[in-house]
Protein chains: 2
Amino acid sequence: MSLRMALLGLLAVSGPASGYDLTKLFEKSISHAWHARHSQIYPELNKMAADGLVTVQEEGPRGRKGYAITEEGSRRLREWLVGTEHFRPVRDEGALRAFLLPMLEPPEAVALLRGEAERYGAKLAALEEFDRAKAREGKSGFGRYALDLGIRQMRMMRDWAEETADRIERDDRG
Amino acid sequence: MSLRMALLGLLAVSGPASGYDLTKLFEKSISHAWHARHSQIYPELNKMAADGLVTVQEEGPRGRKGYAITEEGSRRLREWLVGTEHFRPVRDEGALRAFLLPMLEPPEAVALLRGEAERYGAKLAALEEFDRAKAREGKSGFGRYALDLGIRQMRMMRDWAEETADRIERDDRG
DNA sequence: TCCTTCATGTAACCTGTTACATGATTCC
DNA sequence: GGAATCATGTAACAGGTTACATGAAGGA
């Protein structure tokens, strides 16, 4: 369902687009929220067309198909957003690794955490730069709230990794 | 791979256990990090036994099989933890919904966010209580770092939802 | 005796990944 | 003419969910 909704959302914001366009848009605009490849996007668009959520509005060169969101698609998207059934089972590899951390020797765990802190810091910097670029362009900022969330997430993870490394070092020495 | 590692981790901490035990342990100890059902756990344990990561150590009543982690299993777990290839594609429904939020009328979006903030607050309270209970028992706290991470996550999400709701209300009025 | 809990499994289906496959257009 | 990019797809497999299926043991 989420993939469908992401595609409908992108079509709603960007206007008509092909599977190819949507694949790139995914990468460019919501890669920090949801990920999908063309091999999943193309079949999904065909199913969505069969279900009346999108229509093929125009056919271009090289077999290009320009999809547009329908009334029905727009209605479904809104319904899904407002709907309250959004408890999905947690599956967070970072948290799982955190859980298993005590299996390692303290110095190993500390090294691991310092490395992760660095990677989270790098992603944080990238998102902050993206945010600044958007602000400069004065974009209406469709992804503004999600970007803010992404920044908070990266900051939280970086701080957790750093502070947990400190804590393990302290406990190891003390 | 993650499910395997979670099972190996639980076996390492708890000692020998059956698929049934592990299903409950999953629920009880790492539900905020990883989720799995018995229908996935039983076949996985069989495959892991075939791969030599666990062994059936004892057979009890009602066809119960007590699994124990092997040397090889322990080695593989440690290897996986230290290995650096842990970039998995983001797939975060909360963030996706955040991205799509501007599709709604401001009052709708605000109501949605207030509701989410409340649910995150409730989960935060539950994790904090769990943490206090563990501290009281004086447990060595295998899941200590993961629990700390979970608490930070819930707090971050709650604050984001609350502050984004405030922001949308301000923008709507101003 | 009956209910609950213990205990293990399978089958159909959905979501997503990796790799393979093909061909048109445009730009140099 | 050749390379890059545009453009769409399929097949095999891995991971996960839902529902179905079965039966033994223990406690009231």
Only one residue in A:PRO102, A:PRO107 is modelled with pLDDT under 95 and touching a helix residue (DSSP H, G or I) at 6+ places or on another chain (Cβ under 8 Å), so which one is that? A:PRO102
Could you check B:LEU101 against (1) buried (at least 16 other Cβ atoms within 10 Å of the Cβ); (2) farther than 17 Å from A:LEU100 by Cα; (3) within 10 Å of DNA strand C (Cβ to nearest atom) and say which number it fails? (3)
Is it the case that A:ARG62 is outside the structural domain of A:TYR145 (by TED's automatic domain parsing), more than 30 Å from B:LEU8 (Cβ to Cβ), within 12 Å of DNA strand D (Cβ to nearest atom) and modelled with pLDDT under 95? yes
Restricting the search to the stretch B:28-46, which residues are farther than 12 Å from B:ALA6 by Cα and more than 9 Å from DNA strand C (Cβ to nearest atom)? B:LYS28, B:HIS32
With the checklist (1) open to solvent by 70 Å² or more (accessible area, probe 1.4 Å); (2) within 16 Å of DNA strand D (Cβ to nearest atom) in hand, flag the one item B:ARG4 doesn't pass. (1)
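Yes or no, residue by residue, for (1) open to solvent by 30 Å² or more (accessible area, probe 1.4 Å); (2) within 12 Å of DNA strand C (Cβ to nearest atom); (3) assigned to a loop (DSSP other than H, G, I, E, B); (4) within 14 Å of chain B (Cβ to nearest Cβ):
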residue: A:MET48; (1), (2), (3), (4): no, yes, no, no
residue: A:THR55; (1), (2), (3), (4): yes, no, no, no
residue: A:ARG78; (1), (2), (3), (4): yes, no, no, yes
residue: A:ARG88; (1), (2), (3), (4): yes, yes, yes, yes
Yes/no for B:GLU44 being free of Cβ contacts under 8 Å to residues at least 12 places away in the same chain and either at positive phi or open to solvent by 10 Å² or more (accessible area, probe 1.4 Å) (or both): no
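The values are calculated or read from the model by the stated rules, or taken from the named source; none is laboratory data. From a predicted model like this one, the values you see are computed outputs, not experimental measurements. Every residue, glycine among them, receives a Cβ derived from its backbone with ideal geometry; neighbour counts consider all protein chains shown. Surface accessibility is based on the protein's heavy atoms, side chains included, excluding ligands, DNA and RNA. Shrake-Rupley method; radii C 1.70, N 1.55, O 1.52, S 1.80 Å.
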